[in-house]
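Visitor: Handing you a structure now.
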Amino acid sequence: MKQIPGGETRRDFITQTTLATTVLATGGPASWLPAEAAPVTATANPPWYCRTLRWGQTNITEIDPRRYDVAWWRQHWKRTHTQGVIVNAGGIVAYYPSRVPLHRPAQQLDGRDLFGELCQAAHEEGLVVFARMDSNRAHEEFYQAHPDWFAVDAAGRPHKAGELFVTCVNSPYYDEHIPAILREIAGRYHPEGFTDNSWSGLGRGTICYCDNCRKKFRERSGKDIPRVKDWSDPAYREWIRWNYDRRLEIWDLNNRTTKAAGGPDCIWAGMNSGSISGQCQSFRDYKAICERADLLMLDHQARSDASGFQHNGEAGKLIHGLLGWDKLIPESMAMYQAGRPTFRLTSKPAAEARLWMLDGIAGGLQPWWHHVGAYHEDRRMYRTAEPVYRWHKNHEKYLVNRRPIATVGVVWSQQNTDFYGRDDAELCVELPWRGITQALIRARIPYLPVHADHIDRDATQFSILVLPNLGAMSDAQVDAVHRLVARGGGLLATGETSLCNEWGDPRPDLALGELFGAHVADPQCAHDEARRKRNASDTAHTYLRLKPERRARVDGPQVGNEPPVAGERHPALRGFEDTDILPFGGALEPLKLDAGADVLLTFVPAFPIYPPETAWMREPSTDIPGLILQTTGAGSRIAFLPADLDRRLARDNLPDHGDLLANLIRWAVKDDIPLTVQGPGLVDCHLYHQPGRVILHLVNLTSAGTWRQPVHELIPVGPLRIEVRLPSDVRRKRARLLVGGKAITAAGASGRCCVEIESLLDHQVILIG
C-alpha cells in the first residue's frame, strides 16, 4: 500500500483523519455545551478536504523555475509531515506551458513545466495539491489586447498596481479567461483543488467605471454608479451590496468550472482574511462564503501589535462559527518576517512564528507553513515549522473532531462593520470588540464569537451574549435578543448598541432600550454622527463615579464631618472597595431611565489636568449614567454600559476597565463559567469536548513582546491551578499533558476536575477523561 509522509499508509491516513466529517456527542445537553452536537459518525472515505490537516507552500517567484530544487523540498514535506501543498499554477503568470491566449509564462520558466513537476512529486508522496492562482492583475500586453476587461476610474484611466493593470470583476477576464485556465490545469494535471490569493478584484476604496460595471449596475439597480463615496446615498449602499454579490457569483462560477473539469471533489476555495475589516474592504461576505464552502483557506499570516497572538485563535473560532466545526480551516503561517516590518527573505523569529501557529491551532486552525521563494540565504526559517508539525501529527486526533465549551458568546456582524463602522471601523467596531475579548482573555473566561444573524440558532448554548458597540442591528436581530432575554439569558451591551438600523441610520431610540432600561434623551445628539465619533475618538480628563459612594473611609483622609456611607456595593463592583471613582477618558450623553433601573456608575465631566493646582473636579457628580443594571422577571441579568470602557481598554490598556468588564460578565452569567485558571501571566484558554473527555489548550502570551512584535524569547509562567466543570459523559478524572506527555494528578468532586501545572512555556494541552 502506498506510503505517505510520516510512514503512514493511505489507509492509516484516512482512518486517522475522518475528522471533519463527524459531529460529536455531548452526553446530556448543558447550557454551556452545543445542543446540536450528536453522536460520532465516521465516513468511510471522506474527501481530501476533510482529512488534510497539515499544509505547506513555497510561494514561487518568477526567478525560481531555474533554481527550484524539487528533491530538497520533497524531503522538507516529509520532515514536516505535510499532507497538502499549495503550488503556484497560473493567473498573472503561468508556471506551466499554457495554451490559453495571453496567459503569460513566468519570466524564467524557459519551457520548464514547474507546476507539473511539483504536482507529480506531491502526488508520488501521497500529498494533495491545491493549484494556486493569482488572478486580478495582468501585464500591459494583455491590457492592450482587451482594454475593456480592466478597471478604470471616472476619467477612463486604468487602475494599476505597480506595473500591472487591475482587471475588472465584471469583465470576461473573470467569466471566460480564468475559467479557461482552471479547465486547462484541471484537465492536464488533476490537482485536488484550486485556491486563489487575490480573487476578489478591486477593493472598496476604489470605484470602477468601466462599461461592464456601468451596464451591470444599471441592470441591477436602475441607477448610475455613484460618483463619490456617500454612505447615506441609496445608490452607494446598493453598489456595496452589488459588489458583495458579484464576488459570490465568482465563487460559484469557479466552483462549477473546477468540479465540471476535475470531478465533484475538485473544489475552488479563494483565500480569505482573518480580519472582518479586511473582508469588508475586499467585498468578501464571510457568512455567505462559509455557507457554500467545503473548506476555507485563511490568508492571515501575522499578528498586529494591537490584536496580539490571541487574534489567531479568535479568528479560528469566529470562522468555525460560520463554517461549522466539522470543516477545516488551513491558515497560511509565514515563516518569513511578515507583519511590521515585512522582510520576505529573512526568517521570522522562531518564538514569534511559533506562538502565532500555536494560538491558531488552539482556536481550531490547521497549520500551513509559508515561504516566499524556493531558495533562501536565511536558512533558519526551515527549522521553525518542523517541531510544531511533529507535535501536531502525534496529537492530531485531539485537535479536530471536537466542540468548544463556552458560556459566553460575543456578537458581531460584517454588516455592522460596513454600515456602522463605515470608514472608521477600527474606532467604531474593532476597538470595542477587542476590549471585550481582551477582558475575557485576561480573566481566563472561555468565549465564542456569534454572528448576529445566528443569535436564535446559537444562543441556547450560552448563558450570556455580549454586544460590544453593536451599533447597526436589523429588526430581526433585535427581536432575537429579546427572545434570548425572555428565555432567561444574560446580556451585556456597550456604547451605542442597537442605536442604528442595519444601514447605520440612527433610530429615534435604542432598539433595545426596553431591555436596557435606558432611552435616548436627545435624538438630535444621537443623530449627530460627527459628535458621536468625536466622543469615541477623543480622550478627555473624565471619570466615572461608583455608587453608592464609600466616602470618608477610616483608612483615608476625612472630608468635613460627613459620615461613612453604609451598605455593600453591587457584586459587579467587586475589587473597587477602596475607590469611589474610576478613570474613564470618554464622554457621555444624558439618557432617560426607566423606573427601577439600577445605576452603578455616573459620569464626572472633564476638568483641567495642567497645571496641577487646577486639577480638581468642577462637577463631582452628575446623573448621567455610565452603567445600568436590570434583572427581568425571567431571571435575566442585563448590563448596559454606555461608557465605552471596552474601546478604552483596547486603546489605553487600563486594568480597571478590564476588571470591571469581567465583573459584569461574571454577574450577568451568574458565575456559570466552566473553567477557572489561577496563576500569573496572560494565558489564552480554549476548552473543547470530545466524547468522554475534555481538552484544554493553554497558550502563554506573556512576553516582552506581548504588545509589540516580534517576540524573540519565551518566558515561562506558573504554577497554574485549573478547575474544569466536566460534561456528564466525562466520568474518569484522569489528566495527561500532551506537551511533555506525562500524567498529572487530578482531583475534584461534583462534576469538577482540578489539576495543577508547574510551568507553562509556550503552550500546553491538558487531556481530562
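Visitor: Tell me yes or no: at least one residue of the stretch 200-212 is within 30 Å of residue 116 (Cβ to Cβ), surrounded by 17 or more Cβ atoms within 10 Å (Cβ to Cβ) and β-branched (Val, Ile, Thr).
Guide: There is no residue in the stretch 200-212 that is within 30 Å of residue 116 (Cβ to Cβ), surrounded by 17 or more Cβ atoms within 10 Å (Cβ to Cβ) and β-branched (Val, Ile, Thr).
Visitor: What's the number of the only condition in (1) modelled with pLDDT of 60 or more; (2) outside any helix (DSSP H, G or I); (3) open to solvent by 20 Å² or more (accessible area, probe 1.4 Å); (4) within 27 Å of residue 259 (Cα to Cα) that residue 61 fails to meet?
Guide: Failing condition for residue 61: (4).
Visitor: If you scan the stretch 716-741, which residues turn out to be at pLDDT 95 or above and at positive phi?
Guide: Result: 718, single match.
Visitor: For residue 253, all conditions in the list (1) touching a residue at least 40 places away in the same chain (Cβ under 8 Å); (2) crowded, with 22+ Cβ neighbours inside 10 Å; (3) part of a helix (DSSP H, G or I) hold save one; what is the number of the exception?
Guide: (2)
Visitor: Turning to a different aspect of this structure: Quick test for you: out of 155, 151, 131, 122, pick the one residue that is farther than 22 Å from residue 262 by Cβ and touching a residue at least 24 places away in the same chain (Cβ under 8 Å).
Guide: So the residue among 155, 151, 131, 122 that is farther than 22 Å from residue 262 by Cβ and touching a residue at least 24 places away in the same chain (Cβ under 8 Å) is 151.
Visitor: Also, quick follow-up: Residue 644 versus (1) within 30 Å of residue 591 (Cβ to Cβ); (2) open to solvent by 20 Å² or more (accessible area, probe 1.4 Å): which is the lone unmet condition?
Guide: (2)
Visitor: Further, regarding this structure: For the stretch 747-763, check the following and say yes or no: at least one residue is surrounded by 17 or more Cβ atoms within 10 Å (Cβ to Cβ), over 30 Å from residue 349 (Cβ atoms) and within 26 Å of the chain's Cα centre (by Cα).
Guide: no
Visitor: Still on this structure, please answer the following. Just checking, does the stretch 425-442 include any residue being crowded, with 23+ Cβ neighbours inside 10 Å, among the hydrophobic types (A, V, I, L, M, F, W, C) and part of a loop (DSSP other than H, G, I, E, B)?
Guide: no
Visitor: Could you list all residues from the stretch 286-300 that are at pLDDT 95 or above and either part of a helix (DSSP H, G or I) or open to solvent by less than 30 Å² (accessible area, probe 1.4 Å) (or both)?
Guide: 286, 287, 288, 289, 290, 291, 292, 293, 295, 296, 297, 298
Visitor: What about residue 695, is it modelled with pLDDT of 95 or more, closer than 19 Å to residue 360 by Cα and open to solvent by less than 50 Å² (accessible area, probe 1.4 Å)?
Guide: Here the answer is yes, as residue 695 does meet what is asked.
Visitor: Can you tell me how many residues in the stretch 132-155 are surrounded by fewer than 14 Cβ atoms within 10 Å (Cβ to Cβ) and not in a helix (DSSP H, G or I)?
Guide: Of the residues in that region, 3 qualify.
Visitor: Would you tally the residues in the stretch 594-623 being open to solvent by 30 Å² or more (accessible area, probe 1.4 Å) and among the β-branched types (Val, Ile, Thr)?
Guide: 3
Visitor: Continuing with this model, one more query. Within the stretch 489-514, how many residues are open to solvent by 10 Å² or more (accessible area, probe 1.4 Å), under 15 Å from residue 625 (Cβ atoms) and among the aliphatic types (A, V, I, L, M)?
Guide: Residues in the stretch 489-514 being open to solvent by 10 Å² or more (accessible area, probe 1.4 Å), under 15 Å from residue 625 (Cβ atoms) and among the aliphatic types (A, V, I, L, M): 1 in total.
Visitor: Can you name every residue in the stretch 111-131 that is within 19 Å of residue 98 (Cα to Cα) and in a helix (DSSP H, G or I)?
Guide: Hits for the stretch 111-131 are 114, 115, 116, 117, 118, 119, 120.
Visitor: Across the stretch 629-641, which residue is most open to solvent (accessible area, probe 1.4 Å) among those that are touching a helix residue (DSSP H, G or I) at 6+ places or on another chain (Cβ under 6 Å) and in a strand (DSSP E or B)?
Guide: Of everything passing the filter in the stretch 629-641, 637 is most open to solvent (accessible area, probe 1.4 Å).
Visitor: Next question. Applying the selection to the stretch 466-488, what residues are touching a Leu at 6+ places or on another chain (Cβ under 9 Å), in a loop (DSSP other than H, G, I, E, B) and either open to solvent by 10 Å² or more (accessible area, probe 1.4 Å) or of a type in the set (A, V, I, L, M) (or both)?
Guide: Scanning the stretch 466-488 gives a single hit, 473.
Visitor: Next question, about the same structure. Which numbered condition in (1) open to solvent by 10 Å² or more (accessible area, probe 1.4 Å); (2) under 16 Å from the mean Cα position of the chain (by Cα); (3) closer than 30 Å to residue 678 by Cα; (4) not polar (S, T, N, Q) is the only one that residue 462 fails?
Guide: (2)
Visitor: I've got another one for you. If I ask for residues that are buried (at least 16 other Cβ atoms within 10 Å of the Cβ) and either under 30 Å from residue 347 (Cβ atoms) or not aliphatic (A, V, I, L, M) (or both), which ones from the stretch 680-692 would you list?
Guide: Residues satisfying the conditions are 681, 682, 683, 684, 685, 686, 688, 689, 690, 691.
Visitor: Being in a strand (DSSP E or B) and out of contact with any helix residue (DSSP H, G or I) (no Cβ under 7 Å at 6 or more places or on another chain), is that true of even one residue in the stretch 401-408?
Guide: Yes, there is a match, as at least one residue in the stretch 401-408 is in a strand (DSSP E or B) and out of contact with any helix residue (DSSP H, G or I) (no Cβ under 7 Å at 6 or more places or on another chain).
Visitor: Right, another one. Just for the stretch 193-245: of the residues that are part of a helix (DSSP H, G or I) and small (Gly, Ala, Ser), which one is nearest to the chain's Cα centre (by Cα)?
Guide: 235
The values are calculated or read from the model by the stated rules, or taken from the named source; none is laboratory data. No experiment lies behind these values; they were computed from the predicted model shown. Here Cβ is always computed from backbone atoms with ideal geometry, including for glycine, and neighbour counts include all displayed protein chains. All accessible areas refer to the heavy atoms of the entire protein, side chains included, with ligands and DNA or RNA removed. Shrake-Rupley method; radii C 1.70, N 1.55, O 1.52, S 1.80 Å.
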